[in-house]
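Everything below concerns the one structure shown next.
Each reported figure results from applying straightforward, stated rules to the coordinates on display, with no laboratory input. Since we're looking at a predicted model, the values are computed, not measured. Here the Cβ positions follow ideal geometry from the backbone for every residue, glycine too, while neighbour counts run over all protein chains shown.
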Amino acid sequence: MAFSHSELLFQRAQARIPGGVNSPVRAFGSVGGTPRMIVKANGAYLVDADGNQYLDYVGSWGPMLLGHNHAAIKEAVIHAVENGLSFGAATELEVTMAELLCSLVPSLDMVRMVNSGTEAVMSAIRLARGYTQKEKIIKFEGCYHGHCDSMLVKAGSGVMTAGVPDSAGVPKGCAEDTLTAVYQDLASVERLFAENEGKIAAVILEPVAANMGVVVPEASFLQKLRELCTKHQTVLIFDEVITGFRLSVGGAQAWFGVTPDLTCFGKIIGAGMPVGAYGGRRDIMEQIAPLGPVYQAGTLSGNPVAMAAGIAQLKILRDNPKIYEKINQLGGQLRAGLRAQIEQYQAPATVNGIGSLSCLFFAGEPVTDYQTAKTADTKRYAQFFHHMLDQEIYLAPSQFEAIFLSNAHTPTEIDYTLCCVKNFLEQQWK
């Protein structure tokens, strides 16, 4: 039997890389089969090592809001590379990026660049503890905040996919200082505040939970959290690694009109390059070294190539508000089509979404939190994933991830996708 190039590459990878991948969900563990080895991407499409082309709904897990390999971003990167790859010193580009971020996101007085969303969260939590002189953190079941020790407690994303509620190697003390509340359930948060009076440094959450599928907050939930944190002198941290600059230029906080104290960003501010940032109120941010006692550093923080890519993307988003109109309309088209088909075939499935983020859950009841998300039929999703892959549509290899749209997608491609979904539903529930 002849093996595809992707299969041969994956065999080689498994000999030298744990599981054959550098991030667990890429291994296709929850859907089965062999990961496609991608060699290039343009617009809304990926091409694998065997020359197969796929309509992409992953978008490097969100940052490719303008589509892959955008001409202006590529030009900015090439120009930056011509001047050098890394200096380990201050540059004008990082100043421009900081000014740009603060001008676009109203809650940002100051910002510090890092190298990933995980690093941004880790640093923001340390800063909140240093600022408040408190130790405990409240997070929410199913919200994923990267792989730092204190956040791998009832996390979403790949941790949820693998059925691993925690991670080996996380010290017991880290878990003890992380308290877990129920997303959407304000009473669960109030209870934790009451049981740990004067000890809560921060509440952190994804304002739209996009790592247990997509779960949109109820209208008043975020505002009531804001009020609760203010009352208890606790730092409210929005993890906008996914929603930042995707829902709007100002992120989820602008969309919902709720102002956090600190915000974490990820790869979207680098147009997919390895980058992150955290920022917020000046009095909090001035606690970071060299101004204050909270230490955080990084040789590659503010890397000039990543800054150039990010500045190019953010300026395009700032100057072209119709991009958001388009991608949000595409998201509405996709969700409306999916709901109509679910109703037509009486399929045990439900659709969640907001703006350009969507998720099709194979669950027979509404998905509103971690517990209801876990009722989804992951075996059915695996069948669906491979059906769509056979139709040259690349979805996330996990039930608990979002469908990401970009400005490079078109209504015609949404229609084709809905046609492929209809074929699957028809086969399953005639």
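Observations
- Using the Cβ of residue 428 as centre and a radius below 13 Å, the other residues enclosed give a net charge of +2, where K and R count +1 and D and E count -1.
- Here the dipole of region 241-318 is about 280 debye; that uses its Cα centre as origin and unit charges on the Cβ of Lys and Arg (positive) and Asp and Glu (negative).
- Cα-centre dipole for region 167-310 with unit charges at Cβ (Lys and Arg positive, Asp and Glu negative), debye to 20: 300
- Listed pairs 40/430; 172/379; 267/430; 374/422 exceeding 30 Å between Cα atoms: 40/430; 172/379; 267/430
- Shown for region 290-375 is the translational diffusion coefficient from the Stokes-Einstein equation, using the Kirkwood radius over Cα pairs, a temperature of 37 °C and a viscosity of 0.692 mPa s: 196 µm²/s.
- Neighbourhood net charge (12 Å Cβ-Cβ; Lys/Arg +1, Asp/Glu -1) for residue 332: +2
- Relative contact order of region 269-327, pairs being alpha-carbon contacts under 8 Å that are 6 or more residues apart, as %: 44
- GluC sites (Glu not before Pro) lying in DSSP loop within region 361-420, provided at most 11 other Cβ fall within 10 Å: none
- Cα-based shape type of region 354-430, given that a ≥ b ≥ c are square roots of the gyration tensor eigenvalues and the cut on a/c is 1.5: oblate
- Taken along its principal axes, the alpha carbon cloud of region 1-137 reaches lengths of 61, 42, 28 Å, longest axis first.
- A DSSP coil position with no more than 16 other Cβ atoms inside 10 Å describes the following chymotrypsin sites (Phe, Trp or Tyr not before Pro) in region 22-131: 87.
- Region 263-413, relative contact order [Cα under 8 Å, separation at least 6], %: 16
- Check: the chain dipole with +1 on Lys, Arg Cβ and -1 on Asp, Glu Cβ, in debye: 180
- Positive minus negative residues near residue 279 (Lys, Arg vs Asp, Glu; Cβ under 11 Å): 0
- Positive-end extreme of charge dipole, region 283-395 - chosen from 333, 301, 364 (charges on Cβ): 333
- Region 68-90 and region 221-255 have their alpha-carbon centroids 31 Å apart.
- From the alpha carbon centroid of region 378-417 to that of region 1-24 is 23 Å.
- Amide proton proximity set for residue 140, modelled H, under 5 Å, gap of 5+: 181
- Farthest positive-ward along the chain dipole, Cα basis, beta-carbon charges - from 428, 262, 89: 428
- Selection from 31, 132, 234 lying farthest towards where the dipole of the chain points positive, charges on Cβ: 31
- Sparse packing (at most 14 other Cβ atoms within 10 Å of the Cβ) combined with a DSSP loop state is found for the following GluC sites (Glu not before Pro) in region 170-219: 197, 218.
- The mean sequence distance of close C-alpha pairs (under 8 Å, at least 6 residues apart), as a share of the length of the chain, puts its relative contact order at 22 percent.
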